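Here the structure comes first, spelled out in structure tokens, and everything after it is commentary.
The values are calculated or read from the model by the stated rules, or taken from the named source; none is laboratory data. What you see is a predicted model, and the numbers here were worked out from it, not measured in a lab. Counting neighbours? That spans all protein chains shown, and the Cβs are built from the backbone with ideal geometry, glycine included.
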């Protein structure tokens with residue numbers, strides 16, 4: 001898939017190390033209220049880096065999961081990797097998939113900090129949706145937290161809606177609200 005000078009292509013899942021070289025860190029500046037869509041400011045911001053938690057990060061996925069039905073989509077500008085997405089489907093011990101074979105779960109979306117807000121994320125999510133439809137999925141699911149305001153606004157703009165929130169989802173991070181976003185997917189023909 002090409003969007004101007006940006007090219008998004010699927011890569012072998014064993015290239016996860018290349019994917020994780022992109023930072024997933026972001027600045028926490030507020031909290032997204034899923035009921036109103038408004039943002040409540042925080043007294044003091046901080047940097048959140050999901051990669052700091054080695055227990056659940058990409059380096060441990062091959063040992064924890066069967067990656068047979070996973071996709072790795074990479075965005076490049078020229079020879080430079082500027083973003084990537086990991087999408088899963090039909091993985092028995094991946095509880096976010098709810099035991100369904102027609103549900104795609106966007107597990108990890110990264111855009112190089114120097115390329116954020118430049119269309120890379122949009123191109124990646126479009127590619128994830130195309131990948132999911134091509135693999136027989138009828139719905140896309142994404143997880144984020146209320147403290148990731150930019151991601152919340154982005155997923156809303158991409159047509160996902162908050163299906164539920166769980167304040168008890170992260171015992172190591174009390175006060176962070178888990179948000180589960182969903183979007184029904186059309187057919188490949190309806191997306192053209």
Quiz item: Does region 58-75 contain any residue that is under 23 Å from residue 147 (Cβ atoms) and either under 13 Å from the mean Cα position of the chain (by Cα) or part of a loop (DSSP other than H, G, I, E, B) (or both)?
Solution: yes
Self-check item: Condition broken by residue 89, with the remaining ones in (1) closer than 20 Å to residue 170 by Cβ; (2) within 17 Å of the chain's Cα centre (by Cα); (3) modelled with pLDDT of 95 or more satisfied
Solution: (1)
Quiz item: Across region 13-28, what is the number of residues that are in contact with a helix residue (DSSP H, G or I) (Cβ under 6 Å, 6 or more places away or on another chain) and either in a strand (DSSP E or B) or within 19 Å of residue 180 (Cα to Cα) (or both)?
Solution: 1
Quiz item: Looking at 85, 104, 163, 156, which one is assigned to a strand (DSSP E or B), surrounded by fewer than 16 Cβ atoms within 10 Å (Cβ to Cβ) and touching a residue at least 12 places away in the same chain (Cβ under 8 Å)?
Solution: 163
Quiz prompt | Long-range neighbours under 7 Å by Cβ, at least six apart or interchain, first residue within 14 Å of residue 22 (Cβ to Cβ) within region 114-135, second part of a helix (DSSP H, G or I) | solution = 121/154
Exercise. Six or more apart or on different chains, Cβ under 8 Å: which pairs go from a residue in region 57-78 that's at positive phi and touching a residue at least 12 places away in the same chain (Cβ under 8 Å) to one that's exposed (fewer than 13 other Cβ atoms within 10 Å of the Cβ) and outside any helix (DSSP H, G or I)? Could you list them?
Key: 78/5
Self-check item: Selection from region 88-101 of residues that are in contact with a helix residue (DSSP H, G or I) (Cβ under 8 Å, 6 or more places away or on another chain) and surrounded by fewer than 18 Cβ atoms within 10 Å (Cβ to Cβ)
Solution: 93
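Of the residues 9, 31, only one is farther than 26 Å from residue 179 by Cβ, in contact with a strand residue (DSSP E or B) (Cβ under 7 Å, 6 or more places away or on another chain) and not in a loop (DSSP other than H, G, I, E, B); which?
9
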